[in-house]
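Below: the structure, in structure tokens.
The values are calculated or read from the model by the stated rules, or taken from the named source; none is laboratory data. Just so you know, these numbers come straight off a predicted model, no measurement behind them. No Cβ is skipped: glycine too gets one built from the backbone with ideal geometry, and neighbour counts run over all protein chains shown. Areas reflect the complete protein model, heavy atoms only, side chains present, ligands, DNA and RNA absent. Shrake-Rupley method; radii C 1.70, N 1.55, O 1.52, S 1.80 Å.
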Amino acid sequence: MLKLRNSTIKKHLNNLTREELEAEVLNLTKKYPIIQEHYFSVLFPDNGEILSKYKNIIEKEFSHHKGEILRYPIMKKAIKDFSNVSNNKEQIAEIMVFTVECGVDFTLSFGDIDQKFYHTIASIYEQALKHIVDNQLEDKFVGRCNRLMLSSQDIGWGFGFDMMDLYNDYLGQMDEEEDLE
């Protein structure tokens, strides 16, 4: 794939007038919906419309019944695409936690799945926990993350242990602080 260097793009943009630059951006937003979503997220960071779109993509993947193929790349792509269009750290955490909630609900509803499923969900859980801690969002998500950890304890393939270890690694100190109060 051909790749332009940033310096080449900057040189091109510097040669454009303000009107030409505006036309370029407007043309890109019209041509590529993901760029329009990015600007929507920048201009309206607390609006949940774009988040809802990506949550629906994820929810649709879990609406299958056991035995049907779960398309992990579609779930991961929805998280990645939303993370690329949004600057709202809380909404980015939301989509990751939501995906894990869907995964845990799915296995509790349909029973034992497979190791790839549990590895994928635990990986997204860890990604969510890291994002939550890195962006000081613990107070907003600790309850949901704790419920996910607790509700996964009787699930097979070591999933419950993985979820507990991850929770304790990232948010376990919050439970200890609560116990001290």
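Quick notes on this structure:
- Simple label model, 7 Å out from Cα along Cβ direction - LEU4 to ASP154, nm: 5.8
- With all protein chains modelled, accessible area of ARG147 [1.4 Å, Å²]: 140
- Most to least accessible of HIS119, HIS38, HIS131 (protein chains only, probe 1.4 Å): HIS119, HIS38, HIS131
- Percentage relative contact order, segment 59-175, counting C-alpha pairs under 8 Å, at least six apart: 24
- Largest accessible area first, the listed residues ILE155, ILE35 line up as ILE35, ILE155 when surface is computed with a 1.4 Å probe on the assembled protein chains.
- Cα-based reach from LYS53 at 27 Å (exclusive), listing lysines while leaving out same-chain residues under 8 positions away: LYS30, LYS31, LYS66, LYS76, LYS77, LYS80, LYS89, LYS116, LYS130, LYS140
- Rounded, prolate or oblate (a/c below 1.5 giving rounded, otherwise prolate when a/b exceeds b/c) for segment 28-164 by Cα gyration tensor: oblate
- Prolate/oblate/rounded label for segment 1-54 (Cα gyration tensor, a/c 1.5): prolate
- Against the chain, whose longest principal axis is taken from its Cα atoms, helix 115-134 shows a tilt of about 70°.
- Three-way shape call for segment 101-181 based on the alpha-carbon gyration tensor, with the a/c threshold at 1.5: prolate
- Comparing PHE62, PHE110, PHE82 in a Gaussian network model of the chain, where Cα atoms under 10 Å apart are tied by springs, the biggest mean-square fluctuation is seen for PHE110.
- Carbon plus sulfur fraction of accessible area for segment 45-112, probe 1.4 Å, in percent: 51
- For the chain, accessible area per residue (1.4 Å probe, heavy atoms of protein chains only), Å²: 65
- Alpha-carbon centroid distance for the pair segment 74-93 / segment 1-49, whole angstrom: 19
- The order of PHE40, PHE159 by accessible area, most exposed first and with a 1.4 Å probe, is PHE40, PHE159.
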